[in-house]
Every structure is written in C-alpha cells, then in structure tokens.
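Okay, so here's the structure we're looking at.
All of the numbers you see were taken from the coordinates with simple rules; none came from a lab. A quick note: this is a predicted structure, and the numbers were derived from the prediction, not measured. Quick reminder, even Gly has a Cβ in these numbers, built from the backbone with ideal geometry, and neighbours come from all protein chains shown.
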C-alpha cells in the first residue's frame with residue numbers, strides 16, 4: 001500500500017518498521033531485515049537520454065533532480081500528459097545511490113504533514129486513510145543515470161516524493177484546456193501489463209535491451225511489480241515457495257537458494273486503480289520472476305501468493 005517506501009533489497013538499506021508494514025513488496029522487503037544473503041542486482045533499468053524512446057516523443061517534461069542532499073521539483077504545472085524525467089545526480093554509494101519517484105494524491109482531509117510524519121516514524125502502523133492514497137506509479141533511477149516515464153496528471157493537489165529519505169512536497173496541477181491527457185498519443189509499448197486480482201500475464205520471452213513497458217490497472221486494488229533474476233526459469237510454485245520461505249514460512253522443497261536470486265532495483269511502484277504509466281526498462285539476458293507483493297486488504301496475503309506472479313526469459 002505504500003506509494004513510496006518500498007525498500008530496495010540492499011544490505012546497506014535502512015530498515016524502517018513502517019516500510020516493512022506497508023511496503024508495496026511486503027514479503028520481499030522483510031528479507032532486508034531477516035536475510036542478508038539475497039543480492040541486490042543493480043542494472044541499468046533507466047537508460048540515459050540518447051537511448052530513451054520515451055524522451056524522443058515530444059511530450060512536455062516534468063523534470064526532477066535527485067541529489068545526495070534532497071531533490072528539486074516544480075511547484076506547479078498545467079494538467080496533461082507528461083514525460084516524467086528523474087535525473088539522479090547522486091554519487092555512487094551515497095544517499096541517492098538509488099532514488100525513486102512517486103506522484104500521489106491524498107484522501108480528502110489528510111494533510112501532507114501527516115504522511116511525512118508517518119513515513120519517518122518508528123514502529124508505526126498505517127492509519128485507515130493510508131489505503132486511500134492514489135499513486136500514479138513510479139520507478140527507480142541509479143546514481144548518474146536518468147529515468148523516464150509517461151503519466152497523466154489531472155487537475156488537483158498532487159505531491160512528489162523522490163528518494164526514501166526525503167519528504168513529499170506539493171505539486172499543484174492546474175486546469176489547462178489546451179493540454180489534456182488525450183492531447184498526445186499513447187507511446188508504443190513493447191510490453192503490456194494489465195493488472196487484475198490476482199493474475200499476472202507476461203510474455204514468455206522479452207528481448208534484451210531498452211523496452212517500453214505499459215502498465216494499466218483496471219482492477220480494484222493497487223498493484224506493483226518487483227523483478228528478480230533467477231539462475232534458471234522457475235515455475236510459479238517455486239517462486240511462491242521462495243517468497244513464502246523468505247517471509248518466515250516453512251522451508252519448501254524446490255524453492256531456489258536465496259543466494260542465487262538477484263532482486264533488481266528496477267521495481268515498478270504502486271499503481272492505483274484507473275491509472276496507467278509507461279516506463280522504460282533495460283533488462284539483461286537471463287531468467288526472471290515478476291511478482292506483486294502488495295497485501296490483499298481482506299486476507300493480508302501478498303498478491304504474489306494469491307497468483308499475481310509470472311516468470312519469463314530475456315533473450
């Protein structure tokens with residue numbers, strides 16, 4: 001349910017209780033604190049401008065700049081479809097080693113100070129309004145790289161968050177009759193993901209290199225995607241056994257060795273119902289698993305254990 005604090009599985013990543021409670025990757029985030037042997041696989045999932053298909057399409061830009069001390073963002077933009085540009089000027093190994101971007105709207109009556117206080121609090125549980133946050137999706141960018149996505153921003157009070165350590169800041173989206181979400185054509189997608197409760201259907205094979213992924217959510221719950229590179233193509237049951245075991249479940253036969261699984265930093269963050277996003281990913285050849293770890297509000301089970309999981313090969 002968390003639109004921002006989905007922990008990156010790195011041994012050096014801070015472990016904050018609120019992140020583990022409401023992370024978009026609830027079960028896999030637990031391994032940050034419980035299993036230090038799983039490797040974070042940092043690869044270029046956000047290519048630089050010369051190789052960006054989305055950057056070449058001519059959409060108006062909403063540019064964000066991440067640094068080791070914070071981030072820069074505009075205060076106000078007209079409504080419309082935007083190329084979200086996140087330039088990570090952080091230093092490798094520094095506070096902005098990997099920065100994420102989130103664009104959210106809060107439920108009526110909730111103030112941004114309440115959210116920011118919640119995200120930095122210790123041993124806090126998410127309040128009832130937390131599940132009402134609207135998230136447009138998001139992505140991660142490594143230090144020295146620039147990432148791109150295309151999203152629609154409707155008029156209203158939005159908030160921007162870049163990096164786990166930084167508070168959200170306001171972004172006012174004003175009415176603009178000359179720039180509506182339909183004024184620009186949809187980007188051509190190489191991979192299409194339509195979220196549902198609880199299935200995930202990806203192509204069996206995806207070409208290596210820069211690809212445009214289109215994610216849409218016609219469902220009733222938030223969804224997200226986290227990728228893991230595996231030593232071989234796993235079955236759905238093997239992936240579920242792996243996730244269950246890492247979450248504290250009984251070890252199961254057939255589950256892969258945690259030391260052999262590399263969890264990517266190219267996670268695609270929470271996407272609320274009715275939202276869509278186009279994001280660029282650059283995956284290296286290999287076998288992969290993709291899961292949604294957001295918990296089902298009725299059962300508490302992460303979506304991956306309910307069937308929202310798939311495996312594929314990058315060639």
Notebook entry, point to check: In nm, to one decimal, how far is the residue 315 label point from the residue 259 one, both placed 7 Å along Cα→Cβ?
Noted result: 3.3 nm
Next item on the list: Rank by packing, highest mean first: peptides 83-94, 140-151, 52-63, with packing defined as the count of other Cβ atoms within 10 Å averaged across residues.
Entry: 140-151, 83-94, 52-63
Note to self: Below 8 Å, C-alpha to C-alpha, sequence gap of six or more: please give me the relative contact order for segment 57-136 in percent.
What the structure shows: 26 percent
Checklist line | Label point distance in nm, residue 91-residue 204, each placed 7 Å from Cα along Cα→Cβ | finding: 4.9 nm
Next item on the list: Starting from the Cα gyration tensor of segment 207-285, take the square roots of the eigenvalues, sort them a ≥ b ≥ c, and report rounded, prolate or oblate (rounded when a/c is under 1.5, otherwise prolate if a/b is larger than b/c, else oblate).
Entry: oblate
Checklist line | Highest average packing first - 267-275, 188-196, Cβ atoms within 10 Å | finding: 267-275, 188-196
